[in-house]
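Right, one structure below, let's go through it.
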């Protein structure tokens, strides 16, 4: 009966309530983007106050990624057992507290520990949020919404650049500025928490936990579906084991290929961006891009505005990517995305070697446009093909690859740059984009319009 109800809901059109829930979940990316990338614009001030070693600087930048890796695993596991709503309320509360605490760190190790801790609720919320989107929206709409995460990242990045640059231009003391920049993320998180409080649990999560009475009520709200095949009472349903998730995924060819691609894609785009893109402001400053000859303050301001322009272009790319999925499919968007990122990194490496500033900017623009396409659907793919009873676990497991690679990229890129120089490090990163392109071409089946069928050995007949 639960499988029948799941099949019905996966093929139903959503209501305005389900669309609102999808936007509330994807809005988490704004919060994560602020926290992840605000620090890249204040690293110079943190370094001036704490004088960290190269390894400590890598941990400051990569700490959130490491914490998110743990949070993605824990959050997905817990959400599949306790429900989506409990997790997304708890994660926002934890983020608010920890974001404010960052502003009161007393030394570099305080900051590193807090950065790791703040990553845990962020990783949990992403894995849980993707499960919520896939379970609360109709087919087609859910994958488009899930693929908007790079658009939301771009908005968060542009917002952080503009706000921090304005604070810098006011002459705010640098020791205060970086603390305010990190702590201010608690404000949009608090607003999002209030907006989420009246969101319901997803009916699919309730069904898989045997809470049929509440599932029927929520299904009417989100899908106008009474689920008459379910009894008007709750039942005990055996909880699936984590090992079952991999067994069920591997048993189906489409799920297996899509999941493997999603893991590879998430890892490649995560390391690709945090290695080069995350340190882009530092790269542009060291290369003299945006220097206007008006002193250090004017130079940093000029570089920040150049960076903001690049991220505005990236945000447009993130907005276009979901539209293109409906035209050229997940496979086409991934191939174009990783291909352009590969070309952009090679252009950037050549430009850095020749110190041609306009070419550095061009390479960064090509990279960012491609990256925001390449990164748009990895999480969507792994979440979409997962059976409902494992969806948050699958989302969390997929996000682990993003965060593990992001931690690696953020921590290792300064060491690679110190050893090989900016050119050598950038060329090395381009290999990740090439791997992503090849995995999209040879592994990913086309998935647009995919609908999982519970209990079926082949979930859908798809074009390879």
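Just a few scattered comments:
- Two-decimal log10 I(q)/I(0) for the range 105-147, as the Debye equation yields it once each C-alpha is a single scatterer, q = 0.25, 0.34 Å⁻¹: -0.79, -1.03
- Exposure proxy order (Cβ contacts within 10 Å, fewest to most) of 327, 403: 327, 403
- Sorted from longest to shortest, the spans of the Cα atoms of the range 1-48 along the three principal axes equal 62, 22, 10 Å.
- Listed peptides 335-342, 255-262 appear in the order 335-342, 255-262 once ranked by packing, highest mean of other Cβ atoms within 10 Å at the front.
- Shape call, the range 1-96: gyration tensor on alpha carbons, a/c limit 1.5: prolate
- Taking the longest Cα principal axis of the chain as reference, the axis of helix 174-183 is set at about 10 degrees.
- Axis angle, to the nearest 10 degrees, between helix 391-442 and the longest C-alpha principal axis of the chain: 10 degrees.
- P(r) tail for the chain: Cα pairs beyond 42 Å make up 14% of the total.
- Computed from Cα atoms alone, the Kirkwood hydrodynamic radius reported for the range 184-247 is 14.0 Å.
- With one equal scatterer per alpha carbon and no solvent term, the Debye-computed log10 I(q)/I(0) for the range 325-366 at 0.14, 0.21, 0.24 1/Å reads -0.38, -0.61, -0.69.
- Estimated Rh, the range 98-192: Kirkwood, alpha-carbon pairs, angstrom: 15.4
- With the convex hull drawn around the C-alpha atoms of the range 369-421, the volume per residue stands at 76 Å³.
- From least to most packed, judged by other beta carbons within 10 angstrom and beginning with the fewest, 26, 39 follow the order 26, 39.
- Once the Cα-Cα distance is subtracted from the 0.36 nm per residue extended length, the residue 104 to residue 19 segment shows a gain of 26.8 nm.
- Largest-first ellipsoid semi-axes for the range 127-170, taking √(5λ) over the Cα gyration tensor eigenvalues, angstrom: 32, 10, 6
- Nearest 10 degrees, 0 to 90: helix 16-26 Cα axis against the chain principal axis: 40
No value in this document is a laboratory result; all are computed from the given coordinates. This one's a predicted model, so the numbers in the text were calculated from it and none came from an experiment. Cβ atoms come from the backbone with ideal geometry, glycine included; neighbour counts cover every protein chain shown.
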